[in-house]
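Undergrad: Please find one structure pasted underneath; my questions will follow.
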Amino acid sequence: MGRDDRARRTGDDQPSGRPGRPESLVSAQDVEDADDILFAHPPRVVTRWLCGCGEDYPCPDVRFARLVRAVHATDTGVDDSR
């Protein structure tokens, strides 16, 4: 039997079960679990602030500047926190 003869034979490469359709890779319990997971993990809108430099706000430079301003304000007794 040649290679072409094997290609024309039907049912040889199919797993046992329904003829013409391969057996399902997931069980009914897998599908039920997937539905539960998708229900428990809905998408949500997340808003985040971006700094002018493109990093998440506050970026390290802004944190440093705020720290310097806070130390300066406590040293001079002036409330310069912004």
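Undergrad: Pull up the stretch 18-68, narrow it to residues that are aromatic (Phe, Trp, Tyr) and outside any helix (DSSP H, G or I), then point me to the one that is surrounded by the fewest Cβ atoms within 10 Å (Cβ to Cβ).
TA: Trp49
Undergrad: Filter the stretch 62-82 down to the residues that are modelled with pLDDT of 70 or more and of a type in the set (Val, Ile, Thr), then identify the one that is nearest to Leu50 (Cα to Cα).
TA: So the residue we want is Val62.
Undergrad: Out of (1) at positive phi; (2) at pLDDT 95 or above, the odd one out for Gly11 is which?
TA: (2)
The values are calculated or read from the model by the stated rules, or taken from the named source; none is laboratory data. Note that the coordinates shown come from a computational prediction; the quantities given were computed from them, not determined experimentally. Using ideal geometry, Cβ is built from the backbone for each residue, glycine included, and neighbour counts are taken over all protein chains shown.
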